[in-house]
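What follows is one structure encoded as structure tokens, with my remarks underneath.
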Amino acid sequence: MANDKLVIAADHGGIDLKNELVSRLRDTGYDVTDLGTHNTESVNYPDYAFDAATKVASGEFPRGILICGTGIGMSIAANKVHGVYCAKVNSEEEGRLAAEHNHANMLALGGRTTDPDTAWKAVHAWLTTEPGAGRHEQRVGLIKAKDC
Ligand code: RB5
């Protein structure tokens, strides 16, 4: 199924959590493309955020996951890419709401701030929750319509 395709990227602060999530996602049946980083050498998180975010914006991937130390830098960088709606989450509830209320097409997580089990629950909730219609769709539409 095309919606099972995911792109994922991390900096050195997120590599351990990325590797854990890649493993769990593949075990669950997702088709995951891992853009790195692949070692603990210090790298610049915006490079990885833009690499993954442009692939989501182009439609090559329907959804993507970004991980740095906190998830904050990755989310800020990704949200500069037109067509990307990246939510930084830290719980299962936030993962669910990022899909239902915000229709986020990218998720950002903190490798130094979120434990692997909580991160997995957040990712799984985001991936398996349908985007909400009605007021949620209308509010997301306000964001999509704004060009600034
Ligand atoms: C890198 O040390 C750190 O700044 C980065 O992983 C991230 O947390 C940025 O938001």
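The values are calculated or read from the model by the stated rules, or taken from the named source; none is laboratory data. None of the values given here were measured: they were computed from a predicted structure. Cβ sites come from the backbone with ideal geometry, for glycine too, and all protein chains shown count toward neighbours. The protein model used for the area step is the full one, side chains on, heavy atoms only, and it has no ligands, DNA or RNA in it. Shrake-Rupley method; radii C 1.70, N 1.55, O 1.52, S 1.80 Å.
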The condition from (1) touching a helix residue (DSSP H, G or I) at 6+ places or on another chain (Cβ under 9 Å); (2) away from the ligand (no atom under 15 Å from the Cβ); (3) at positive phi that Gly36 misses is numbered (2)
Yes/no for Leu17 being hydrophobic (A, V, I, L, M, F, W, C), more than 16 Å from the ligand (Cβ to nearest atom) and assigned to a helix (DSSP H, G or I): no
Considering only segment 48-74, state which residues are near the ligand (Cβ under 10 Å from one of its atoms) and exposed (fewer than 15 other Cβ atoms within 10 Å of the Cβ). Ile72
Kindly list, by first and then second residue, each pair from a residue in segment 31-47 that is open to solvent by 40 Å² or more (accessible area, probe 1.4 Å) to a residue that is modelled with pLDDT under 95, limited to pairs with Cβ atoms under 8 Å and residues at least 6 apart or on different chains. Asp31/Asp4
Asn44 versus (1) touching a helix residue (DSSP H, G or I) at 6+ places or on another chain (Cβ under 7 Å); (2) more than 22 Å from Lys146 (Cβ to Cβ): which is the lone unmet condition? (1)
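Return yes or no: is Gly134 open to solvent by less than 10 Å² (accessible area, probe 1.4 Å), farther than 16 Å from Tyr45 by Cβ and either touching a Phe, Trp or Tyr at 6+ places or on another chain (Cβ under 8 Å) or at pLDDT 95 or above (or both)?
Working: open to solvent by less than 10 Å² (accessible area, probe 1.4 Å): no; farther than 16 Å from Tyr45 by Cβ: yes; either touching a Phe, Trp or Tyr at 6+ places or on another chain (Cβ under 8 Å) or at pLDDT 95 or above (or both): yes.
No.
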Failed criterion for Thr113 (all others in (1) surrounded by fewer than 19 Cβ atoms within 10 Å (Cβ to Cβ); (2) closer than 21 Å to Lys5 by Cα hold): (2)
Test for Cys86: is it touching a strand residue (DSSP E or B) at 6+ places or on another chain (Cβ under 6 Å), more than 21 Å from Arg26 (Cβ to Cβ) and touching a residue at least 12 places away in the same chain (Cβ under 8 Å): yes
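Given the residues Ala77, Ala99, which is the only one that is open to solvent by less than 60 Å² (accessible area, probe 1.4 Å) and within 16 Å of the ligand (Cβ to nearest atom)?
Working: Ala99 fails: within 16 Å of the ligand (Cβ to nearest atom).
Ala77 is the lone residue from the list that is open to solvent by less than 60 Å² (accessible area, probe 1.4 Å) and within 16 Å of the ligand (Cβ to nearest atom).
With the structure loaded, tell me whether Ala10 is farther than 27 Å from Lys146 by Cβ and at pLDDT below 95 or whether it fails that test. Steps first, please.
On the way: farther than 27 Å from Lys146 by Cβ: yes; at pLDDT below 95: no.
Taking the combined requirement at face value, the residue does not satisfy it.
Restricting to segment 50-71, give me the number of residues that are farther than 14 Å from Gly111 by Cβ and under 14 Å from the mean Cα position of the chain (by Cα). If you could, list the steps in order and put the result at the bottom.
Step one: list which residues in segment 50-71 are farther than 14 Å from Gly111 by Cβ, which gives 50-64.
Right, trim to under 14 Å from the mean Cα position of the chain (by Cα) and you get 50-57, 61-64.
Matching residues across segment 50-71 total 12.
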